[in-house]
Amino acid sequence: MLPTEFGGFVAAVAKASPRGLTIVEEAIDTAIGELEEEIKNVKPDQFEQNAFIPKSAFGTAHRSPEVALHHTRAHAVMTATLEGVVADLEKFREACRLAHKDIQGVEDVITVDLQTKLAIAETLDDGVRRYGDTAYDRAVNDNAGTVATEENPATEEG
């Protein structure tokens, strides 16, 4: 006897992105709410009074008292099981919240690390390429008017 919203919870988990953690807290909360409502409907204390079956209710056959006993036990087991499922869902919801927080922390660290590496790469790029490019451009412009001669302009005689 699972609440109908449990199917929505399973569907939300199945659609979770493989690239990250999808938190489906709303579905978990809905499932918990439905289970708590079912627990209220079961009313174990009231059941013992209103739905009690005396051991002689099924006649005097050898197994009749056993049927009455199992009827009472089954109701108690169902209630305890629903309460256990609620506890599991509450723990799962908290685990999702912690995982989300941990992933966010890792993403923050990675972001800072990548920004630092980018800044280092940009600094190295500025330090290497721009000075060489500037010197090249200046030399090309400075030597644009140079003409070929028969004498070496770098000697004292020329």
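The values are calculated or read from the model by the stated rules, or taken from the named source; none is laboratory data. Nothing here was measured: the structure is a model prediction, and the numbers come from that model. Backbone-built Cβ (ideal geometry, glycine too); neighbour counts: all protein chains shown. Side chains are part of the model used for accessible areas, which takes the heavy atoms of the whole protein and leaves out ligands, DNA and RNA. Shrake-Rupley method; radii C 1.70, N 1.55, O 1.52, S 1.80 Å.
Some points to look at:
- Heavy-atom accessible surface of D142, to the nearest 10 Å², is about 110 Å², with a 1.4 Å probe and all protein chains retained.
- Rounded if a/c under 1.5, otherwise prolate or oblate - segment 28-117, Cα gyration tensor axes: prolate
- Only aspartates and glutamates eight or more places from K43 in sequence, or on another chain, were considered; those with a Cα closer than 16 Å are E34, E83.
- Residue-span extension gain [A99 to E26] - 0.36 nm each, minus C-alpha spacing: 24.7 nm
- Using the Cβ-Cβ distance between K91 and L124 with R0 set to 41 Å, the FRET efficiency works out to roughly 0.25.
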